[in-house]
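The values are calculated or read from the model by the stated rules, or taken from the named source; none is laboratory data. Keep in mind it's a predicted model, so treat the numbers as computed, not measured. Cβ atoms come from the backbone with ideal geometry, glycine included; neighbour counts cover every protein chain shown.
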Amino acid sequence: MWDAVQVMSTSELRLDVEALTIIAGYAHWIPITQGLHLDFFQENYPGWEWNDIIPVLIKKGVVKINSKEPNQRQLSQGLSIADAVESLLIKGFKHGTKVTIHANVND
């Protein structure tokens, strides 16, 4: 398992920006259509799927697509996140997902 990832349970996941960059790398048709993401998630994030993470973060405005905004850190595949974000805690609930952002307040 990646050092940057801490699986606390199948319903709670802590990710740092390095882990998000790796996950964002799967936002491309080749790994998706060839199923490469499935083994990666099974090994590193048991109980989680790519769709549980990146699409949720995009919907909540945490991760941006092709952003031209200042103070954005590029992840991969045109995805970015605010420079100040250090890590995220994602909690899956029966009726949705809660994302807690841990950020450097000096940025």
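Some notes on this structure:
- Residue pairs meeting the criteria (Cβ under 8 Å; at least 6 apart or on separate chains; first closer than 15 Å to residue 45 by Cβ, in region 79-107; second surrounded by 12 or more Cβ atoms within 10 Å (Cβ to Cβ) and among the polar types (S, T, N, Q)): 90/97; 91/11; 91/97; 92/11
- Of the helices (runs of 4 or more DSSP H) lying entirely inside the chain, those containing at least 3 residues that are surrounded by 13 or more Cβ atoms within 10 Å (Cβ to Cβ) and at pLDDT below 90 are 36-44.
- Residue in region 71-82 that is farther than 16 Å from residue 24 by Cα and not β-branched (Val, Ile, Thr) present: yes
To keep it simple, each residue is scored yes or no on (1) closer than 24 Å to residue 73 by Cα; (2) among the β-branched types (Val, Ile, Thr); (3) touching a His at 6+ places or on another chain (Cβ under 7 Å).
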residue	(1), (2), (3)
14	yes, no, no
20	yes, no, no
29	yes, no, no
32	yes, yes, no
39	no, no, no
43	no, no, no
51	yes, no, no
55	yes, no, no
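- Within region 49-74, the set of residues being touching a residue at least 24 places away in the same chain (Cβ under 8 Å) and touching a Gly at 6+ places or on another chain (Cβ under 8 Å) comprises just one member, 52.
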